[in-house]
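> Sharing a structure, written as structure tokens. Questions coming.
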Amino acid sequence: MRKFLFLVAAVAAAQTRPEEIRINQVQVLASHNSYKQAIDPALRTILRESMGDRLKGLEYNHLPFADQLDRGLRGLEIDVVYDPEGGRYARPAGLAMVRERPAPSGPSYDPQGLMRLPGFKVLHVPDIDFRTHAYTFQQALSQLRAWSEKHPRHLPIVITMNAKQSGVDRPGFVKPLPFDRAAYDAWDAEIRTALPAGKLITPKSVQSGYPTLEAAARAHAWPTVEASRGKFLFVLDEAKPQWELYLQGRADRVMFVNVPEGHPEAAVRIVNEPRKNVGYIQRLVRSGYFVRTRSDADTREARANDKTRFEAALESGAQLISTDYYVPDPEIGTGFQINLAPGWNPLLLPAFRPLPPIE
């Protein structure tokens, strides 16, 4: 049966002209927590005393956005915290912890004072894992737009997003603000301020004449690759109470939401563990959904030099495969690296896979 389905897909691919290929028929590499820089060595030493091996899951870092995109990645992940008045995250407790020890404090933090400005901030864990390639969300969007304008024919860049609402429950550590309607309104507004409508793929643009967004996705009515070049697609990845709040009263919102199939707004699904979910992801992809999965997590696969999760991700046909290791980490020392040039989706367009890499 599996061989028969492959042959059917191959015949369909042979009848598809390259200019007709849609963005859900492409498979690309992405990064996870793409903004993250390494925790200061002195702070890591202190945290290891209280966290032990749990700290290993935070011991990864990334290149600047432009360097990742130059390497062919077409998916990023950005976490934001809500800071409407500014300054809430300007003085991480971790820096104070380091200053109490004789060890050096590492590079200076926020030399331009961006963390004191109102607006969303970009970081992983408040107070302990706060080093970032973009202090503010506006700075991140500015960096991405600058790269995009230099590469106007790039494949669409998918940006998954988390709304950070929790921190470290210790005295003197910051308590993040919850995301309410005002926060989500401001979040959409920041995206629209930084990126003109012509650079966005939105739920409304995909739904078009279909009764629901899910109906459009299940009809594989995603925009073509050619029509999507130079654009961005944003996805909110949050629990049900948050995505319900985000969807409330928004007819023309910016972000897609990771909601279960059967919901009228279902189009993008995030299924992070491919080994246990290969068949499920394949059903989603064949049904028209756009899926993100992960090839590694929490440094485990990198430390073991284990690519079985990546192999499952490839087999699943997920359009977006996220990794922390598009370059090896010399500190881990196993040589673990995930390589995947942008290409046609092996599940939907297997006959196109031998084509040269696309931008």
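> Mean residue ellipticity at 222 nm from the helices of the chain, using -39,500 (n - 2.57) per DSSP H segment of n ≥ 4 over the full residue count, to the nearest 500 deg cm²/dmol?
-8500 deg cm²/dmol
> Which links in K175/K204; K199/K307; K199/K240; K164/K276; K56/K121 stretch past 32 Å when you go from one Cα to the other?
Violating the 32 Å Cα-Cα cut-off are K175/K204; K199/K307.
> Carbon-plus-sulfur fraction of the accessible area of the chain, 1.4 Å probe, in percent?
Percent of accessible area from carbon and sulfur atoms in the chain: 53.
> Considering every Cα-Cα pair within segment 265-322, what fraction, in whole percent, is farther apart than 20 Å?
That tail contains 20 percent of the Cα-Cα pairs.
> Taking amide H positions as placed in the peptide plane 1.01 Å from N, state which residues far from V26 in sequence (5 or more) or on other chains have amide H under 5 Å from it.
The answer is N345.
> Using heavy-atom solvent-accessible surface (probe 1.4 Å) with all chains present, what is the largest-first order of S50, S316?
S50, S316
> Let me ask something else about it. State, as an integer percentage, the relative contact order of the chain based on alpha-carbon contacts under 8 Å between residues 6 or more apart.
This gives 22 percent for the chain.
> Taking amide H positions as placed in the peptide plane 1.01 Å from N, state which residues far from T136 in sequence (5 or more) or on other chains have amide H under 5 Å from it.
Correct list: V122.
> Kindly report the accessible area of the chain per residue (heavy atoms of protein chains, probe 1.4 Å, no ligands, DNA or RNA), in Å².
43
> Give the shape of the chain as rounded, prolate or oblate, defined through the alpha-carbon gyration tensor: a ≥ b ≥ c are the square roots of its eigenvalues, a/c under 1.5 means rounded, and otherwise the shape is prolate if a/b is larger than b/c and oblate if not.
prolate
> By how many degrees, 0 to 90 and rounded to 10, does the Cα axis of helix 181-194 deviate from the longest principal axis of the chain?
Its long axis makes an angle of about 70 degrees.
> Rounded, prolate or oblate: which one fits segment 175-231, using the alpha carbon gyration tensor with axes a ≥ b ≥ c (rounded when a/c is under 1.5, else prolate when a/b beats b/c, else oblate)?
oblate
> Keeping all protein chains in position, work out how much accessible area Y135 exposes to a 1.4 Å probe, and write it in Å² to the nearest 10.
40
> With every protein chain present, what accessible area does E20 have (1.4 Å probe, heavy atoms only), rounded to the nearest 10 Å²?
Here the accessible area works out near 70 Å².
> With every protein chain left in place, what is the accessible area of K56 in Å² (1.4 Å probe, nearest 10)?
Rounded to the nearest 10, that gives 80 Å².
> While we're on this one: Can you list residues from other chains, or at least 5 along the same chain, whose modelled amide H is less than 5 Å from the amide H of I159?
So I159 has HN proximity to L76, L233, F234, V235.
> What is the spin-label model distance, in nm, from A219 to S50 if the labels are put 7 Å beyond Cα along the C-beta direction?
For A219 paired with S50, the spin-label model returns 5.4 nm.
The values are calculated or read from the model by the stated rules, or taken from the named source; none is laboratory data. Owing to the predicted nature of the structure, the values given are computational and were not obtained by experimental measurement. As a convention, Cβ positions derive from the backbone with ideal geometry for all residues, glycine included, and neighbour counts pool all protein chains shown. SASA here: full protein model, heavy atoms, side chains in, ligands and nucleic acids out. Shrake-Rupley method; radii C 1.70, N 1.55, O 1.52, S 1.80 Å.
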